[in-house]
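Quick notes on the structure that follows.
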Amino acid sequence: MNLILLTQDEKKVKVDTGSDIQLYSAPHNPPNTGTRYTSGTDLYFHRARSGNEYYYTHDWSMWQGSEDSFELISKEKAENILLQNWNNQYGNVKEDEVKKLFPDIDEENA
C-alpha cells in the first residue's frame, strides 16, 4: 500500500508497506485465541531517497467499519514497540532486520 505521511515539519514521506522493511507483524487472529487478536499494530522502516530514515506504524482491525491508520514515529518509540512485543508468541519480530537497525536491542544492560 502506497501512502504519503507528513513529518512534523510538513515534509512528505512516501511509504510503501509492500516494499518497506516490516520490523514487527502483529498477530492476525491465530487459532485458539478467540477474538483476542482481531486488531493490532505493525511496525515498518522506510529509507527516503534523501537517505533519511523513518519508522511508522500501521494500526489495523478486522472489525467491520474500522479503518486502518498510519503514523510516523521516532526511532525510540519504534524500539519500545519492538521490546514490548519481543516475546509475543503469536506476533513476529523480524530479528534479522531489527538487529541491523538496533544492533544492541537484545543485549542485557541491567
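Annotation: amide H of Lys94 within the under-5 Å range of Tyr24, Ser25, sequence separation 5 or more or interchain, hydrogens built in the peptide plane.
The helix-only estimate of mean residue ellipticity at 222 nm for the chain, built from DSSP H runs of length n ≥ 4 each weighted as -39500 (n - 2.57), is -4500 deg cm²/dmol after division by the residue total. Could you give log10 I(q)/I(0) at q = 0.18, 0.19 Å⁻¹ for the chain, computed by the Debye formula over C-alpha point scatterers of equal weight, without solvent? One equal scatterer on each Cα of the chain leads to -0.95, -1.04.
The value of relative contact order for the chain, using C-alpha pairs under 8 Å at least six residues apart, is 22 percent.
Cross-link pairs exceeding 21 Å between alpha carbons, from the set Lys12/Lys99; Lys14/Lys99; Lys11/Lys75; Lys11/Lys99; Lys75/Lys100: Lys12/Lys99; Lys14/Lys99; Lys11/Lys99.
All of the numbers you see were taken from the coordinates with simple rules; none came from a lab. This is a predicted model, so every value here is computed, not measured.
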